[in-house]
Structure formats: structure tokens, C-alpha cells
Amino acid sequence: MTNNSKPTKTQPNKKAVDPAMDCGSQSDKKTATTEPKCETWLSRPVPRVKRHTLPQLTAVETEPSTQCPQCHSMTTNTALIFNSYVCPHCDHHLAMTARERLADFLDQIEQELGQQFHTGDPLSFVDSKPYPQRMQQMQQKTGESEALIVFKGKLREMDVVACAFDFRFMGGSMGSVVGDRFVEAAEVALERKIPLICFAASGGARMQEGVLSLMQMARTAAAIERLRLSGVPYIVVLTNPVYGGVTASLAMLGDIHLAEPKAMIGFAGKRVIEQTVRQTLEEPFQRAEYLLEHGMIDQVVHRHQLNDTVHRLLAKLM
């Protein structure tokens with residue numbers, strides 16, 4: 001009996017090859033071909049979290065700082081205080097509060113004058129808000145009761161009376177209380193025969209008090225005249241800015257007029273003058289250096305040299 005079925009060819013049994021073993025065997029062979037290496041899950045690089053190293057912060061970034069309006073550089077407030085609020089990069093004189101200026105100027109403060117005077121509302125004046133409400137907001141903002149601060153103290157062992165305007169308080173405007181405090185400062189200086197120094201920084205008379213604020217121009221001028229007749233020195237230091245009724249009265253009636261560098265000093269503003277004369281007034285119009293060149297002031301003094309300069313002048317005048 002014959003079998004018609006064809007005999008099947010037996011295939012040789014191929015040994016199963018482990019991929020891992022195969023990769024290992026292939027890696028041992030030195031071949032000229034540049035094929036990528038086969039990686040297993042054991043040899044794969046483990047992804048890690050990248051560390052972002054933060055740059056070390058400087059003192060300007062960690063401490064309260066102030067930007068210079070002239071060169072726009074940042075300086076820490078601590079450095080500005082020790083440098084009398086003068087920019088260490090461009091030598092620009094930054095604004096100071098009245099108390100900071102007097103504390104930096106006087107070597108010793110003995111007494112504060114004029115705190116008994118308080119502002120009223122004689123005209124019931126209302127602009128965008130009532131005058132008493134505006135005064136209350138300024139007092140809360142600045143911590144001062146008025147725009148003029150008066151101290152009696154010592155400058156290089158010399159008794160003096162010094163007063164300073166705070167421009168933050170309604171632009172250092174001169175009202176009735178400002179006039180009262182200045183007159184009291186002049187009377188104390190006259191009674192004790194000690195010099196009077198005034199740091200002027202104002203936008204002029206206070207419009208909320210109308211004609212009463214204009215009367216302070218005559219009152220302060222009369223007090224300064226009494227000092228002159230008695231031979232008591234009165235020195236004015238013009239800071240940035242000084243305008244209006246303050247310039248027309250107590251700021252320009254001193255025996256000696258000093259000014260800080262680049263301080264703006266005038267009666268009417270630059271834009272008002274340009275609109276009147278219809279001409280463009282270029283720099284340094286109304287700057288301290290311009291007024292010195294035209295004989296309006298006696299000397300432009302750097303803030304760091306102000307104490308020694310005033311003491312030397314007072315020693316000669318006394």
C-alpha cells in the first residue's frame with residue numbers, strides 16, 4: 001500500500017535568542033558600521049529634575065531702594081541717608097523732608113518751635129474737596145502739621161534757629177501758620193541774638209487761604225527787617241524748587257543767599273514765562289547756576305559742604 005502524502009521537511013530548531021543577550025553579543029563585535037547602541041531599561045538614563053540656581057541678590061534688590069531721577073540708578077535708602085540724599089553715581093541732589101534736612105544740618109536739636117499754631121478754615125474754601133479735608137489728608141500723608149518746621153539747636157557749638165519747608169505738604173505753600181511759625185523763629189533769634197537760617201522749598205502762597213496767605217509776605221518781610229536792624233544774621237538756603245510768594249518775600253531777603261546745585265528758583269514758572277514772552281527758554285534758565293551768573297544769589301554750595309560753609313559765614317557775620 002503506497003502513501004501518496006509527500007514527506008515534510010523538518011526545519012532545524014532555531015534557538016530562541018534573548019534580545020538582551022543579542023544586544024550584548026552585538027556590542028562585543030567590532031564592526032565598522034556606526035549603528036546606534038541598543039539600550040535596555042536597566043541602562044537607560046533616568047530623567048532628573050533640573051535645578052535652577054537663583055542668582056545671588058544684591059543689596060539694592062533686598063533693601064528698600066530709591067531710583068535717582070537724573071541717572072535712573074538704584075541706591076539703597078540706607079546709603080542715601082548716610083550720603084545726605086546725594087546720588088553716589090551722578091551727584092544729583094535728591095529731595096529731603098524738612099525734618100531730615102534739619103537733622104542733617106544741626107549738630108544738636110534742643111527745641112521745636114511753633115507747634116502751638118494750628119490751621120483753620122477762615123474762607124470755607126472748597127476746590128475738589130474742602131480745605132479741612134485736604135489738610136487732614138496731608139497731615140496723615142506726611143506726619144507733619146504744617147509745611148514749615150522750626151528747630152532751635154547748635155551748629156558747630158553755635159546757637160542757631162533753623163527752619164525748613166517740607167515740599168510734600170501741599171507743595172510747601174505758605175499759609176497763615178507758616179507765617180506764624182516763621183515770625184516766631186525770627187522773634188526767638190532776635191531775642192537771643194542768634195542767627196536764623198531758612199531752607200526754602202515752596203510753590204508759593206496757599207490759594208486756599210486767599211489774601212490771608214498773601215499777608216504772610218508782609219509779615220515775614222517785617223520780621224526780617226527787624227533782624228537786619230538789630231544786626232542778627234539771616235541766611236537763606238534755596239533748594240529745589242522755590243517759586244511764587246515765598247521767592248517774593250522771605251526767600252530773597254536774606255543777608256546771604258546760598259543755593260544747592262541745579263535748584264529751580266524763580267517767581268513765575270518757566271511755562272508761564274514762555275507763554276507770556278512767546279519764546280522758548282532753554283536750560284539752565286532759572287537754575288541756581290544761572291542765577292549765580294546773573295548776580296541773584298551769592299554762592300552755589302554742595303550739600304556735603306553746606307554745614308561748614310554756613311558756619312564759616314556766620315562766624316564772620318557774628
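The values are calculated or read from the model by the stated rules, or taken from the named source; none is laboratory data. Source: prediction; values computed, not measured. With ideal geometry, Cβ positions are generated from the backbone for all residues, glycine too; neighbour counts draw on all protein chains shown.
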* Asked: If you take the residues in segment 89-100 that are touching a helix residue (DSSP H, G or I) at 6+ places or on another chain (Cβ under 9 Å) and not in a loop (DSSP other than H, G, I, E, B), which one is nearest to Ser202 (Cα to Cα)?
  -> Ala98
* Is it the case that some residue within segment 256-274 is at pLDDT 95 or above, part of a helix (DSSP H, G or I) and buried (at least 22 other Cβ atoms within 10 Å of the Cβ)? -> no
* Asked: Right, Ala315: part of a helix (DSSP H, G or I) and either free of Cβ contacts under 8 Å to residues at least 12 places away in the same chain or over 25 Å from Ala95 (Cα atoms) (or both) or not?
  -> yes
* Considering (1) in contact with a helix residue (DSSP H, G or I) (Cβ under 7 Å, 6 or more places away or on another chain); (2) within 20 Å of Val237 (Cα to Cα); (3) in the same structural domain as Met264 (by TED's automatic domain parsing), say which one Val86 fails and leave the rest. => (3)
* Residue among Gln111, Gln115, Gln133 that alone is exposed (fewer than 15 other Cβ atoms within 10 Å of the Cβ), in contact (Cβ under 8 Å) with a residue 24 or more places away in the chain and not in a loop (DSSP other than H, G, I, E, B) -> Gln111
* Could you list, in sequence order, the residues of segment 207-255 that are more than 27 Å from Arg134 (Cα to Cα), charged (D, E, K, R) and part of a helix (DSSP H, G or I)? -> Glu225, Arg226, Arg228
* To do: Return the only residue of Leu102, Leu94, Leu123 being among the aliphatic types (A, V, I, L, M), over 17 Å from Phe169 (Cβ atoms) and surrounded by 16 or more Cβ atoms within 10 Å (Cβ to Cβ).
  => Leu94
* Asked: Of the numbered conditions (1) out of contact with any Gly (no Cβ under 6 Å at 6 or more places or on another chain); (2) closer than 24 Å to Ala185 by Cβ; (3) among the hydrophobic types (A, V, I, L, M, F, W, C), Ala147 satisfies every one except a single condition; which is it?
  -> (1)
